[in-house]
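K.L.:
Before I ask anything, let me first share the structure, which is written out below as structure tokens.
Read the figures in this text as sums done on the coordinates, not as results from a lab. Quantities reported herein were computed from a predicted structural model and do not represent experimental measurements. Positions of Cβ are backbone-derived with ideal geometry, glycine not excepted, and every protein chain shown enters the neighbour counts.
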Amino acid sequence: MREAILLSDEQLQTELDELTDSHTDLLATQSIANLDEKPWIFRNKLSRLVIDPERFPDEREVMNQVGMGAVYFKTSTGLALRSESFDTKPLITEVFQPYAHAFTNLISELLRANGFVLIIDVHSYRVKQHPNAVNHGQARPAICLGTDEFHTPEWLSKVATECFSPIGDVIQNQPYAGTYVPLDYYGRESAVLSIMLECRADQLVDEFLQPHIGLNQAAKGLNTLISKSWDKLASAGKPD
């Protein structure tokens with residue numbers, strides 16, 4: 001992948017530091033450590049500079065406006081990341097689609113087994129707004145919850161807000177909106193619930209991108225969200 005990226009090694013490292021959701025894998029694993037019923041963790045092992053699996057792979061994606069769709073052509077500061085002539089098809093075919101298929105298959109299996117699925121889409125974001133963005137001027141709270149009118153019921157938004165309010169301000173859909181649902185189910189299957197958790201990075205990591213004690217509090221909030229959501233959904237047998 002490196003050969004097609006136009007940045008110097010130093011520039012690339014800076015961009016990785018800016019765009020990596022640092023230690024969200026640790027946040028996820030820590031949040032489920034003491035749960036008897038452990039949920040699946042579906043972890044993206046590739047940088048979003050290779051592929052961004054949660055972007056629409058077509059004209060529906062708003063980040064295409066700034067060259068940061070499923071395949072990035074621009075950096076967070078607007079520099080050229082790849083040549084305009086770069087062929088995106090191999091990345092979509094060899095990376096994006098296998099990821100999407102694997103996630104879709106997992107959701108299908110869980111839906112058949114339980115009658116419902118809850119996706120908690122875990123991310124982090126930097127304190128300062130990147131120059132190359134579409135959400136300038138929006139709030140940057142300690143916790144941003146991304147919701148979807150179809151896939152995020154009101155009770156789920158309310159429970160999530162309660163779980164993370166001890167950390168700081170909690171705002172929905174600012175600076176990031178929406179939440180991940182496999183396209184086969186998106187807008188079609190209400191039994192697939194989803195909410196996005198965006199932790200502002202200073203709540204999790206220090207200036208050197210190393211985890212600090214705040215990650216424990218975020219993991220506690222996520223643990224509570226998982227437990228309360230499971231209790232409600234399992235007792236009901238289906239979402240309401």
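K.L.:
Kirkwood Rh over Cα pairs of region 131-179 into Stokes-Einstein at 25 °C, 0.890 mPa s: D in µm²/s?
P.N.:
In µm²/s, the coefficient is 215.
K.L.:
Another question, if that's okay. Run the quick spin-label model on THR93 and VAL62: label points 7 Å from Cα toward the beta carbon, then report their separation in nm to one decimal.
P.N.:
Output for this residue pair reads 3.2 nm.
K.L.:
Between the DSSP loop rule and a limit of at most 12 other Cβ atoms within 10 Å, which GluC sites (Glu not before Pro) in region 71-164 are left?
P.N.:
Here the GluC sites (Glu not before Pro) that fit, given the DSSP loop and packing criteria, are GLU84, GLU149.
K.L.:
What order, most packed first, do the peptides 1-13, 192-204 have when packing is the mean number of other Cβ atoms within 10 Å of each residue?
P.N.:
192-204, 1-13
K.L.:
Can you list residues whose amide H is under 5 Å from ILE119's amide H, if they're 5+ apart or on another chain and H is modeled 1.01 Å from N?
P.N.:
Under 5 Å from the amide H of ILE119: LEU193, SER194, ILE195.
K.L.:
Give me the Å³ per residue figure for the convex hull around the C-alpha atoms of region 2-236. Present the calculation step by step, with values, prior to reporting the outcome.
P.N.:
Values: hull volume 29.4 nm³, N = 235.
Roughly 125 Å³ of hull volume per residue.
K.L.:
Taking the Cβ of LEU215 as the center, what net charge do the other residues with Cβ under 15 Å away carry, scoring Lys and Arg +1 and Asp and Glu -1?
P.N.:
Working: positive: ARG200, LYS220; negative: ASP21, ASP25, GLU198, ASP202, ASP206, GLU207.
Its environment carries a net charge of -4.
K.L.:
Pairs LYS74/LYS220; LYS45/LYS220; LYS38/LYS232; LYS128/LYS232; LYS158/LYS220; LYS45/LYS74: which exceed 26 Å Cα-Cα?
P.N.:
Values: LYS74/LYS220 36 Å; LYS45/LYS220 24 Å; LYS38/LYS232 16 Å; LYS128/LYS232 37 Å; LYS158/LYS220 17 Å; LYS45/LYS74 21 Å.
The answer is LYS74/LYS220; LYS128/LYS232.
K.L.:
Here's a follow-up. Report, to the nearest 10°, how far helix 214-236 tilts away from the longest principal axis of the Cα atoms in the chain, using its own Cα long axis and a range of 0 to 90°.
P.N.:
Tilt relative to the chain: about 50 degrees.
K.L.:
Give the angle, between 0 and 90 degrees and rounded to the nearest 10, that separates the Cα long axis of helix 154-164 from the longest principal axis of the Cα atoms of the chain.
P.N.:
The answer is roughly 80 degrees.
K.L.:
Please name whichever of TYR180, ALA4, LEU111 sits farthest to the positive end of the charge dipole of the chain, dipole taken about the Cα centre and charges placed at Cβ: Lys and Arg +1, Asp and Glu -1.
P.N.:
So the residue we want is LEU111.
K.L.:
Calculate how steeply helix 97-114 sits against the longest principal axis of the alpha-carbon atoms of the chain, using the helix alpha-carbon long axis, and give the answer as 0 to 90 degrees to the nearest 10.
P.N.:
Tilt of helix 97-114: around 0 degrees.
K.L.:
Per residue, how big is the convex hull of region 81-151 when only Cα atoms are used? Give it in Å³. Don't skip to the answer; put the middle values down first.
P.N.:
Working: hull volume 11.3 nm³, N = 71.
Value for region 81-151: 159 Å³ per residue.
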